[in-house]
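Student: Let me give you the structure first, and then I'll get to my questions.
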Amino acid sequence: MRIKKGDIVLVTTGKDAGKKGKVLKVIPAANKIVVEGINRVKKHQKPNRAIPQGGILKIETPMDASNVMLLCNKCDKPTRIGSKILDNQEKVRACKKCGEIID
């Protein structure tokens, strides 16, 4: 996967299209990510020691990684992710629009 935890992404499809958020969790085996404040659902929680009153919680659920695009730090536009090899033979992620190194 080319999206990593901590990246800022723009949602391109679905009910939250056009919203920006920070990646909280990456699940590479399922090609899914969890984005802060995006794809929230209501979950009914019974009372327990952690949540003594119980109630209805709003939690973020995983969404497919193909539904988001990475936002470049320099040009602040949604972009595809390419790779560059630096002088010390290190492979890094790069913006396809402006060529800026993301890592």
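Student: If we scan region 43-54, do we find a residue that is under 10 Å from the mean Cα position of the chain (by Cα) and at positive phi?
Tutor: No: region 43-54 contains no residue that is under 10 Å from the mean Cα position of the chain (by Cα) and at positive phi.
Student: Related question: If a residue has to be under 26 Å from Cys75 (Cβ atoms), in a strand (DSSP E or B) and among the aliphatic types (A, V, I, L, M) to count, how many in region 7-41 make the cut?
Tutor: So the count comes out to 10.
Student: Then there's this: Which of (1) loosely packed, with under 14 Cβ neighbours inside 10 Å; (2) touching a Ser or Thr at 6+ places or on another chain (Cβ under 7 Å) does Asn67 not meet, given it meets every other one?
Tutor: (1)
Student: Moving on. Could you list, in sequence order, all residues of region 42-58 that are touching a Lys or Arg at 6+ places or on another chain (Cβ under 7 Å) and either in a strand (DSSP E or B) or touching a residue at least 12 places away in the same chain (Cβ under 8 Å) (or both)?
Tutor: Result: Lys42, Ile56, Leu57, Lys58.
Student: Residues to consider are Val41, Val35; find the one that is in contact with a strand residue (DSSP E or B) (Cβ under 8 Å, 6 or more places away or on another chain) and within 16 Å of Met1 (Cβ to Cβ).
Tutor: Result of the check over Val41, Val35: Val35.
Values in this text are rule-based calculations from the coordinates and carry no lab data. Just so we're clear, the structure is a prediction, and the values are computed from it rather than from any experiment. Virtual Cβ from ideal backbone geometry, glycine too; neighbours counted across all protein chains shown.
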